[in-house]
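So the structure is just underneath, and the comments pick up after that.
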Protein chains: 4
Amino acid sequence: VSDAALDGLIQQLREFARERDWERYHTPKNLVMALSGEVGELVEVFQWLTPEQSTAVMRSERATDVEDELADVLLYLLRLADVLDLDVAELAGAKLERNRGRFPVDEVRGRADRRP
Amino acid sequence: VSDAALDGLIQQLREFARERDWERYHTPKNLVMALSGEVGELVEVFQWLTPEQSTAVMRSERATDVEDELADVLLYLLRLADVLDLDVAELAGAKLERNRGRFPVDEVRGRADRRP
Amino acid sequence: VSDAALDGLIQQLREFARERDWERYHTPKNLVMALSGEVGELVEVFQWLTPEQSTAVMRSERATDVEDELADVLLYLLRLADVLDLDVAELAGAKLERNRGRFPVDEVRGRADRRP
Amino acid sequence: VSDAALDGLIQQLREFARERDWERYHTPKNLVMALSGEVGELVEVFQWLTPEQSTAVMRSERATDVEDELADVLLYLLRLADVLDLDVAELAGAKLERNRGRFPVDEVRGRADRRP
């Protein structure tokens, strides 16, 4: 992942929407739904897989579907963050820092029930 | 968004899971569900908002919820991509490139019905 | 909606899974994902619509998609409740009763911010 | 599940919204989001569970959460169908009938890859 790549994606998404006159559709509400719809497609790829099959999914015939849906999720997430004027990578870094405090290693080690 | 930031997040997420012995829970299937759950929380923030209210959400009392959920979505997306050994930013760039071909400006300009 | 219809659906779904030897796939976890995937398809139908367009969706070309996805959501919900041995209609009645107490008319009238 | 129960729920939901002056929020688009949000909460209950744990979820401390979320999903589904003037149980019956044709027992028996 190159830095330029991520900022570049945001710029390209902005231009992509502007060229197609799609900015009018890109309200935060609509983009949240679009993001949700793409995650739904990702869920559909995994829904009948065992945990083991899910781990091996990139060696299955669904590999390109997984790549496709992951890409769509990131694209809509970046576009959503952009129309909200938010730096999602920065927010994620801060959240992860807070999560270290919320889930101290000593208390949660190996316990799924202490997950958020 | 700095490049180092994104790669740094991926590394930190890896360490975060390892320290807590949570790697066992991080099957792709489970992480897809976690991603879906976080997007669900984002949807809940926006569900009753008008389009106009959604555009102004960062000046509302839900602003920090939006930041929080966007962060969670990126964190789980990066973690999922990492366990699948995928570079999601690269995949997104390639997908956006393909979308340019799928949605030619001349054909789709201003038409939501021609969206994916 | 006839009573016999709903109980009949549950029975038919049970038989449908048994005949196809799909019971093995119908863990609650997998069925929750399937339900989520179907709701994702419903979201995709509505994501770019204005509130007004969404109200008129049954007079649009997407009408049969809406019918199709609503049906799928109910089918997976009933199947999920059945494998969990739950009577979802009864649970819904009890929940609605509790909601009357949680959202007293006097306090919440016309306020979306007091919605759950 | 009694017939009267389901029709009764639809009527009660209608009255519930009217009394609170919430009908204005109940556009199909908003209700689809609300439905999606509730399914997201259900997903969160199951996300870290093994298949076996998910099968035993009603004997765990999350049992009431499962009941609660299933109820919410049905309530929003019924409300959504009502504002769209659709009989979702009838649609589900017809869809299940079509699914018998789409997934013939002989072709799909025991094959998750032939699932929709």
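The values are calculated or read from the model by the stated rules, or taken from the named source; none is laboratory data. On a predicted model such as this, the values are computed, not experimentally measured, just so you know. Please note: Cβ atoms are built from the backbone with ideal geometry, for glycine as well, and neighbour counts cover all protein chains shown. Each accessible area value is taken on the protein alone, full model and side chains, heavy atoms only, with ligands, DNA and RNA left out. Shrake-Rupley method; radii C 1.70, N 1.55, O 1.52, S 1.80 Å.
Observations on the structure shown:
- Between the range C:31-70 and the range B:1-78, the alpha-carbon center distance in angstrom: 24
- Nearest-first distances (nm) between copies at A:Glu52, label 7 Å from Cα via Cβ: 1.3, 5.7, 5.8
- Position A:Pro104: other-copy label points at 4.1, 6.3, 6.4 nm, ordered by increasing distance, label point 7 Å along Cα→C-beta.
- Whole-Hz ³J(HN,Hα) from phi, Karplus 6.51 cos²θ - 1.76 cosθ + 1.60, for the range B:65-73, glycine and proline x: 4, 4, 4, 4, 6, 4, 4, 4, 4
- Surface accessible to a 1.4 Å probe, per residue, for the residues of the protein assembly as shown, Å²: 42
- Potential lengthening between B:Asp85 and B:Asp7 on full extension [0.36 nm per residue; Cα-Cα distance subtracted]: 26.8 nm
- Inter-label distance for C:Arg14 and C:Thr64, nm, one decimal - labels placed 7 Å from Cα along Cα-to-Cβ: 3.3
- Nearest-first distances (nm) between copies at B:Asp7, label 7 Å from Cα via Cβ: 1.6, 6.5, 6.7
- Distance from the axis that maps chain D onto chain B is least for the Cβ of the chain D residue given, with the whole Å value, as D:Gly40, 1.
- Cα gyration tensor category, rounded, prolate or oblate, for the protein assembly as shown with a/c compared to 1.5: rounded
- Shape call, the range A:23-87: gyration tensor on alpha carbons, a/c limit 1.5: prolate
- Helical content alone sets the calculated 222 nm signal of chain C at -22500 deg cm²/dmol, taking -39,500 (n - 2.57) per DSSP H segment of four or more residues and averaging over every residue.
- Axis angle, to the nearest 10 degrees, between helix C:28-46 and the longest C-alpha principal axis of chain C: 50 degrees.
- Rounded to the nearest 10 degrees, the inclination of helix C:3-19 to the longest alpha-carbon principal axis of chain C is 40 degrees.
- Each Cα pair under 8 Å and six or more residues apart adds its separation to the average, and for chain D the resulting relative contact order is 31 percent.
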